[in-house]
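Presented below is the structure to which this report refers.
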Amino acid sequence: MGLFSKKQPAAASFAAPLSAHSKHPFLPLERFSPLTGTDHIGVYRALREAVPVIDAAVLKLIRLTGGFQVTCPRAGDQEALNRFAASVPVGRAQKGLDSFLEQWLDSLLTCGQAAGEIVLSQEPHVQAVLCADVRSVEVCENGDGLSFTLARREADGTLLVPKRQDLLLFGALNPEPEHPYGVSLLRGMPYMANLLLKIFHATGENWDRAGRARYAVICREPGELGDAQERAQDMARQWSQVMQDTGRVRDFVAIGDIDIRSIGADGQILNSETPVRQILEQIIARTGIPPFLLGLNWSSTERMSSQQADILTSEITALRRNVTPVLTTVLHLFQNLRGQPQDAAIDWNPVNLQDEVEEARADLYRANAQKLRGETP
């Protein structure tokens, strides 16, 4: 450009201010750090609400783990035991030990621990079996490595120790040696779930921008600076009226070299299929549930599905071993208050019918093999 060349006037433009950076609404996952004293229980609750597949996995484990009958060697006491197991109040307008087990497993899997209380009437009689909020429960070890005392943390920070410790229930999922509190099934998921939510949130914002078309009106003959500003303002006003009048067709008329483009039409949205699947694989592997039970058709062979079902059966058996002492404690106290021997037991239902069929078929094959060996000289 020469020294005496006329300088072109600056182009005038009018645009809406940039929107603030938005994040997904589950901020506890964004701020979660396993090295600090963050309220893990609140994070795990938010985790189930934020990622539906995690909540579905927990609910499926609860449904598959439940299902039992109470047994007693004396036929005369069996009826009273069955009536108690089916009708004892457990809070939340629910009755029966099956409903209590669902609440217990929900807290055990989500928080890593579960606490409850057996409420007695004046007779005395077992009036109710209730689950407690584990966020207010403190476990105080007695130093012998075998026993502990349960306490409740009040709102003012004081520690209240109930006298009847025999009426309190506590369970921990895979407790670690350094502390009595259990390990949540959702441990290790907050970081992966936060990444998943970022992908979904960014995808939603991209679709909001690209799916709802926005237009850029460009005039390549602005003229003088003052005229350019006036023309830009006039075009912006006229274009706004055209876009707002959605009930009828309205034309936009301008003078000069005008170019109208759709903002974001040429942009490409990143393919999220691969990273989303990699993250979901990490999350589902932590739950121990086969992907096909959650509606994810990653495996197509029946043999692989059968192996995954066997692994799920072992996971459910481990959960049942954890909750059996809690249920038997309630039943034994019920028998003790009635002056009966404490011999009630829990008889768990089979996980599914397919397991029974396979076991029966294996027994048949073994019987046929033994028969053939006996007939062979």
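Since every read-out is calculated from the coordinates, none of them should be taken as a lab result. What you are looking at is a predicted structure, and each value in this text was computed from that prediction instead of being measured. So basically every Cβ, Gly included, is an ideal-geometry build from the backbone, and we count neighbours across all protein chains shown.
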Rounded to the nearest 20 debye, dipole of segment 113-153 from Cβ charges on Lys, Arg, Asp, Glu: 160 debye
Packing-based ranking, highest mean first, of 121-128, 165-172 given that Cβ atoms within 10 Å are counted: 165-172, 121-128
Interchain or long-range residues, amide H under 5 Å from Thr149's placed H: Cys140, Glu141, Asn142
Phi to ³J(HN,Hα) by Karplus 6.51 cos²θ - 1.76 cosθ + 1.60 over segment 281-288, Hz, x for Gly, Pro: 4, 5, 5, 5, 4, 6, 7, x
Peptides 173-183, 361-371, 189-199, 286-296 ordered by average Cβ neighbours within 10 Å, highest first: 189-199, 286-296, 173-183, 361-371
Backbone N under 13 Å from the Phe200 label point (7 Å along Cα→Cβ), restricted to segment 49-93: 49-57
Segment Arg237-Ser272, length gained on full extension (0.36 nm per residue, minus Cα span): 8.7 nm
At most 12 other Cβ within 10 Å, DSSP loop - trypsin sites (Lys or Arg not before Pro), segment 129-196: Lys163, Arg164
